[in-house]
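Working notes, beginning with the structure itself.
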Amino acid sequence: MSKLTYQLGILITILLGAFLNYYYCCDKVEEIVVEEIVSEPVIEPTKNPFLVQDANGNLDVKVNDNFNFKTSEMTILEPLSGKVTDGVMQLSAYLAENPDKSVSITGYYNSDEVNHTAYPNLGLARAGAVKNYFVSKGISSRVIDTHGKMYDAMVPDADNIYYGPVEFAVATTGDHGDLDALADEINSNPLVLYFGIDEFVIKLTEEQREKFAKISRYLDKVDGATCTIVGHTDTTGPEDHNIVLGKERADFAKTYLVTHHIPEAKVMTESKGSSEPIADNSTTEGRAANRRTIVTVNKP
């Protein structure tokens, strides 16, 4: 064997040994994959300002605060900003100086909220709460129109508070329709509330909520209008007891109406006990139908 061949053999052996040592003995370098961490977007709560403008007049009120409400609630959260109160007083003065003007209040609600109120929707209930505040500051309910509208883009804060779920618009007063006919409609198909035995609970159906809204509208728009709640009972027990029970139910219904923005002075109550049954008191179903209160309106 030549010397060159011998040297090449040694070199090949060294290289082969180094390769085999690396392949079988050394730890492989793991490829580290760094995943980018994407943070969840932070959704800020919706905050609508108190904004009241008249495009055809000289009223322009803008306040960063507003009327606020808890989720699924119709009660204005307190304390109310003093700047909002000042804005309402500007509106009150403007409407007093411009008797041909009116203000509409649109209350908003989210479809995820639960409506526990007497109104067809929570937005209308919130508008009613703001309306009552306006009335307390000297604005006549006759120049206030209320509406309710679903708005799912609203986002509450971490404490489930909606900031300013109400919108306002000032315009020239329009025709409110035939309010006399509205009264006739209400009284021809009145709001009737039924009670269980010795029960004082009110849970309205959608149809009853629509009737309530019409009663509220009529009382708002007609000066001197009132409503009467008459309590009726079945024939169980003595009549003097039934007269008292009917009045208690009528008074309970009145409290319910007042908590839903009907002025207390516009609600009268009376009882007829078991004297005017509409069904057979000898049956369970008949007695249930007779335990009722009826709400009608009175024209001035």
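The values are calculated or read from the model by the stated rules, or taken from the named source; none is laboratory data. In this text, all values refer to a predicted model and were calculated from it rather than measured experimentally. Cβ placement follows ideal geometry from the backbone for every residue including glycine, while neighbour counts extend to all protein chains displayed.
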Return the residue satisfying two criteria in turn: it lies in region 280-300 and is under 19 Å from SER188 (Cα atoms) and either without any contact (Cβ under 8 Å) to a residue 60 or more places away in the chain or among the hydroxyl-bearing types (Ser, Thr, Tyr) (or both), and of such residues it is surrounded by the most Cβ atoms within 10 Å (Cβ to Cβ). THR293
From the list THR228, THR235, exactly one residue is assigned to a loop (DSSP other than H, G, I, E, B), under 30 Å from PRO277 (Cα atoms), hydroxyl-bearing (Ser, Thr, Tyr) and in contact (Cβ under 8 Å) with a residue 12 or more places away in the chain. Which is it? THR235
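Here's the yes/no breakdown for (1) in contact (Cβ under 8 Å) with a residue 60 or more places away in the chain; (2) assigned to a helix (DSSP H, G or I):
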{"site": "HIS241", "(1), (2)": "no, yes"}
{"site": "ARG249", "(1), (2)": "no, yes"}
{"site": "TYR256", "(1), (2)": "yes, yes"}
{"site": "SER271", "(1), (2)": "no, no"}
{"site": "GLU276", "(1), (2)": "no, no"}
Which one of the conditions (1) within 11 Å of the chain's Cα centre (by Cα); (2) part of a strand (DSSP E or B) does SER72 fail to meet, given that it meets all the rest? (2)
State whether the residues of region 70-80 include one that is β-branched (Val, Ile, Thr), at pLDDT 95 or above and either buried (at least 21 other Cβ atoms within 10 Å of the Cβ) or outside the structural domain of GLU167 (by TED's automatic domain parsing) (or both). no
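From the list SER136, SER111, SER188, which one is farther than 30 Å from LYS247 by Cβ and modelled with pLDDT of 95 or more?
Values: SER136 fails: farther than 30 Å from LYS247 by Cβ; SER188 fails: farther than 30 Å from LYS247 by Cβ.
Only one candidate passes the filter, namely SER111.
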Just checking, which of ILE139, ILE215 is over 28 Å from ASP54 (Cβ atoms), of a type in the set (A, V, I, L, M) and out of contact with any His (no Cβ under 6 Å at 6 or more places or on another chain)? ILE215
Which residue pairs have Cβ atoms closer than 8 Å, lie 6 or more positions apart in sequence or on different chains, and pair a first residue in region 128-154 that is in the same structural domain as PRO99 (by TED's automatic domain parsing) and in a helix (DSSP H, G or I) with a second residue that is hydroxyl-bearing (Ser, Thr, Tyr) and surrounded by fewer than 17 Cβ atoms within 10 Å (Cβ to Cβ)? ALA129/THR75; VAL143/THR173
